[in-house]
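Single-structure report; data block below.
The values are calculated or read from the model by the stated rules, or taken from the named source; none is laboratory data. Here the structure is a predicted model, which means the values were calculated and not measured. Here Cβ is always computed from backbone atoms with ideal geometry, including for glycine, and neighbour counts include all displayed protein chains. For the accessible areas, the whole protein counts, side chains as well, though only heavy atoms, and no ligand, DNA or RNA atoms are used. Shrake-Rupley method; radii C 1.70, N 1.55, O 1.52, S 1.80 Å.
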Amino acid sequence: MWQKKLLMLNASEHEIPYILAAKKLGFYVVTTSTKPDYAGHKYADQYILGNYNNYEEMIDLVNREEIDAISHGCADDCALTASYVGQACGLKGHDTYENACIIHRKDKFKEFAEKNNVLTPISRTFAYAKEALYMKDTIEYPCIIKPTDLAGGQGIKIANNDAEYAQCVEAALEWSKVKHIVVEPYVTGTLHSLNTFIVDQKVRSYCTANDYSYLNRYMTNTGSSPADNWETAIEALIPETERISGLLGLVDGQLHMQYIMYDGKPTIIEMMRRNIGNNWMTMLTDSVGINWPEWVIRAEAGMDCHLIPEPRQAKGHFGYHMIMADHNGIFDRIVIEPEIQRFVYQVTQWKENGHQITNYLSEKLGNIVFRFYNDDEKNQYLPKINELVHITYKN
């Protein structure tokens, strides 16, 4: 029996929900990456060694294997690849490559935002340290310096004076693959996410969340849905999402943003069309009652998405927590303290016991999914979740 094929770019733990969703929809799933030991490959029908950052190699793979659809998984680079390859091979479900760059490259998004008065801090883009340092007298502190092409908080620094600014510029340029950085005002406030599903450039479904960080303040490792003051946020951000979608002519599918609530108002930090990792989708699915990964795959495959259900009001606070270490060492086991166990309904260990932790600020060892039933429980347990769910080390 002939079966449609879907190519999943990358296959880490983060891609597993989307691989399973594609198989549920009847696709023969092919995964590709340069990491044959990635956990997601074993859930696919076939793994083909390949570099998803090499566009021509991916075009050849799509043509050779007669691929019908592409999913970009959970990496920014893969979102660009999916758009470029999809456009080259005539596959539906992805924006033009130009629009993908506007959404996923911080410098291009900020340029678009300034031109169209998007609710986001105005930033400056630099390609050379000398240029950025020459303009330091026009910079107001504190400011935040970011590589334009990385996600997960990589290379982001805050500068409070000229000396820190010079150091941060050099560091961010070193991190950036394309050697471009953005410098913008540092906005204080609380961090949140709005995940929308657009059809005909209108928001048909959505979910909000509070975002929390552990030791790496620029990388989210915990989230709970719905977000605090979510009604205020969506009142401003859903019309803005639809306006941006219309300006760019975005295709149907997921559009995710992070925003900061400052002085009772939301300001957009970044937007993305790639899938969200950290088991975010399990939280979202349970919170709004929609199988989100399945609808994401439908959109990426160019299928009709007009029947996506509207979200229901969440009964309680659903969430996820990525389990991380507080220093390098040899991982022993995950510990879930008794007082929080009754709220945890899914535990997944990603690394084997005895794993050598070499970068505790970014390595994720496992994941839990939880549900608090009211605000009091959320406010009691979330601030200390890294103490209540933690790891032990081998001597």
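Over the chain, with every protein chain in place, what whole percent of the accessible area is carbon and sulfur at 1.4 Å, could you tell me? Can you show the working numbers first?
Numbers: 8540 of 17740 Å².
Here it works out to 48 percent.
Taking a ≥ b ≥ c as the square roots of the Cα gyration tensor eigenvalues, the chain comes out rounded, since a/c falls below 1.5.
Using a 1.4 angstrom probe, figure out how much accessible area the chain has per residue, in square angstrom, rounded to the nearest whole.
On the way: 17740 Å² over 395 residues.
Here the per-residue accessible area is 45 Å².
Around the amide H of GLN346, modelled in the peptide plane, lie the amide H atoms of VAL369, all under 5 Å away and 5 or more residues distant in sequence or on another chain.
Is the shape of segment 290-395 best called rounded, prolate or oblate, per the rule: a/c under 1.5 gives rounded, else a/b larger than b/c gives prolate, else oblate, with a ≥ b ≥ c the square roots of the Cα gyration tensor eigenvalues? Oblate, since a/c reaches 1.5 and b/c is not below a/b. Loop-located GluC sites (Glu not before Pro) in segment 94-179 (DSSP state other than H, G, I, E, B) with a sparse environment of at most 13 neighbouring Cβ atoms within 10 Å: GLU140.
Dipole magnitude for segment 17-90: about 340 debye, using +1 per Lys or Arg Cβ and -1 per Asp or Glu Cβ, origin at the Cα centre. A cut-off of 5 Å between modelled amide H atoms, ignoring neighbours fewer than 5 places along the same chain, links VAL251 with ASP95.
So, R0 is 25 Å and r is the distance between the beta-carbons of THR188 and ARG243; what FRET efficiency does that work out to, to 0.05?
On the way: r = 26 Å, r/R0 = 1.04.
After rounding, the FRET efficiency stands at 0.45.
Rounded to the nearest 20 debye, the dipole size of the chain about its Cα centre is 440 debye, using +1 on the Cβ of Lys and Arg and -1 on the Cβ of Asp and Glu.
Report the extension gain between GLU339 and ASN160 in nm, rounded to one decimal, defined as 0.36 nm multiplied by the number of residues separating them, less their alpha carbon distance. Taking GLU339 through ASN160 to full extension adds about 60.4 nm, to one decimal.
How high is the relative contact order of the chain, in percent, with contacts defined as C-alpha pairs under 8 Å that are six or more residues apart? Provide the component values of the computation, followed by the final result.
Working: 834 pairs, mean separation 54.0, N = 395.
For the chain, the relative contact order is 14 percent.
Put a plus charge on the Cβ of each Lys and Arg, a minus charge on the Cβ of each Asp and Glu, and nothing anywhere else: the dipole of segment 112-246 about its Cα centre is then about 340 debye. Scanning the chain for trypsin sites (Lys or Arg not before Pro) in DSSP loops with at most 15 neighbouring Cβ atoms within 10 Å leaves 218-311 as the longest stretch between them. With θ taken as phi - 60° and the Karplus curve 6.51 cos²θ - 1.76 cosθ + 1.60 applied, the whole-hertz 3J(HN,Hα) list for segment 83-97 is 5, 5, 5, x, 5, 5, 9, x, 9, 7, x, 9, 5, 4, 4 Hz, x standing for glycine and proline.
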